[in-house]
Amino acid sequence: MTGPLQGIRIIEFAGIGPGPFCGMMLADHGAEVIRIDRPGGFMDPRDPLSRSRASIVLDMKNPDAVQAARDLCKSADGIIEGFRPGVMERLGLGPEVLLADNPKLVYGRMTGWGQFGPYSQAAGHDINYIALSGVLHTVGRAGEKPVPPVNYVGDFGGGGMMLAFGMASALVHAAKTGEGQVIDCAMTDGSALLAGMTWGFLAAGRLKDEPGVNLLDTGAHFYDTYTCSDGKFISIGSIEPQFYALLREKTGLDQDPSFDPQMDPSQWGPLKDKLTALFATKTRDEWCALMEMTDVCFAPVLSLAEAPQHPHNVARETFLTVGGATQPAPAPRYSATSNDAPRPAPAVGTDSNAVLAAIGYDASRIAILRESGAVR
């Protein structure tokens, strides 16, 4: 592997959602990520979250498999696990054990509610975590119920990406000091942090504690999506005065005095009605011809099928093909290092022998583990 994390080994205990996303990010940027899968597990070669891994199958009900996992962690710089608090401890693979084996180990723990707190042992999903952090309350139209932003904010932004940042930070600390540590990454905490600007606006009196009535939550007529005559959509984000003036010019509204009080919330509703009617008079392509690549702060709303074909995304190679499927490319980019092209997710367990051999297990020991069912 190449990339800024070249030479870093991460052991990933198989999970869903944010844990694999963190593993994907670390692998994308050069880390060797070895995934410990369960018997009967599956990785789809088209799945971006499972790309660029090695896979070993260990049956954690077998003590020999637990020992093999422990030996793998001795060889690693970091681990990622996403079980409920206490599960790894019951397996004999808790932080106390693994950090005693490997004092430089960075032990990344990914949960929804965190390692402690009244909710810590309860089940949950993204929608619940961002509900408790206050984020879900801010997403939606005025007077309507909150709208879950898929699972981008809890699972991936506040979870997997936050853990990847924590792992990278702790790996830097370990390289400098020789000291490993445990990362308690909770999606409630991470999603709350993603809303930092919102909390700042609230404290400054620049935001109402209700959705759909504020500058950036579809309350304003100049920051919203609109339907075109062909049923497709465009996005407008003309906040700054010069951008707003250009929007008015491009739409022929520069002589309409009703659009002068841009920042008067009492006028946003009527002005939005006017823009809604106006944007419905042309197709999306016609609006693109007028405003795309200008300082209006405009972009067409593209479908998942359309986005990889857009000239800007093509020029930047924002998407690529891995395992026969379109996937987002690794991000961000570096000036001094380059990342390998992602590899398709392997068949589960395909690397079991090679992974164990790399940490010193000889062929006879591997054969014994396979005969006992510890390794599949």
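The values are calculated or read from the model by the stated rules, or taken from the named source; none is laboratory data. As the structure is a prediction and not an experimental result, all values here were calculated from the model. We place every Cβ from the backbone using ideal geometry, glycine too, and count neighbours over all the protein chains shown.
What single numbered condition from (1) farther than 27 Å from residue 302 by Cβ; (2) of a type in the set (Gly, Ala, Ser); (3) under 34 Å from the mean Cα position of the chain (by Cα) fails to hold for residue 266?
The one condition residue 266 does not meet is (3).
Which of the residues that make up segment 147-182 are touching a residue at least 40 places away in the same chain (Cβ under 8 Å), under 17 Å from the mean Cα position of the chain (by Cα) and closer than 23 Å to residue 76 by Cα?
Result: 159, 160, 161, 163, 164, 166, 167, 168.
Given the residues 273, 285, 254, which is the only one that is touching a Lys or Arg at 6+ places or on another chain (Cβ under 6 Å), of a type in the set (D, E, K, R) and either modelled with pLDDT of 95 or more or assigned to a helix (DSSP H, G or I) (or both)? So that I can check it myself, show each step before the final result.
Details: 273 fails: touching a Lys or Arg at 6+ places or on another chain (Cβ under 6 Å); 285 fails: touching a Lys or Arg at 6+ places or on another chain (Cβ under 6 Å).
Answer to the check: 254.
Give me the pairs, please: first residue somewhere in segment 348-376 and free of Cβ contacts under 8 Å to residues at least 60 places away in the same chain and under 14 Å from residue 56 (Cβ atoms), second residue anywhere and assigned to a loop (DSSP other than H, G, I, E, B) and among the charged types (D, E, K, R), beta-carbon distance under 8 Å, and either six or more positions apart or on two chains.
These pairs meet every condition: 370/376.
Take segment 107-153 and flag every residue that is crowded, with 17+ Cβ neighbours inside 10 Å and either at pLDDT below 95 or among the charged types (D, E, K, R) (or both).
109, 126
All but one of (1) in the same structural domain as residue 153 (by TED's automatic domain parsing); (2) exposed (fewer than 14 other Cβ atoms within 10 Å of the Cβ) hold for residue 190, so report the exception by its number.
All conditions pass for residue 190, except number (2).
Please name all residue pairs, on different chains or six or more residues apart, with Cβ atoms under 7 Å, provided the first residue is in segment 116-131 and is under 19 Å from residue 183 (Cβ atoms) and assigned by TED's automatic domain parsing to the domain that holds residue 186 and the second residue is surrounded by 14 or more Cβ atoms within 10 Å (Cβ to Cβ) and β-branched (Val, Ile, Thr).
Listed by first residue and then by second, the contacts come to 129/188.
Under 8 Å between Cβ atoms, which residue pairs at least 6 apart in sequence (or on different chains) link something in segment 22-49 that is in contact (Cβ under 8 Å) with a residue 40 or more places away in the chain with a partner that is part of a strand (DSSP E or B) and polar (S, T, N, Q)?
Qualifying pairs under 8 Å: 34/55; 37/55; 43/55; 46/327; 48/327.
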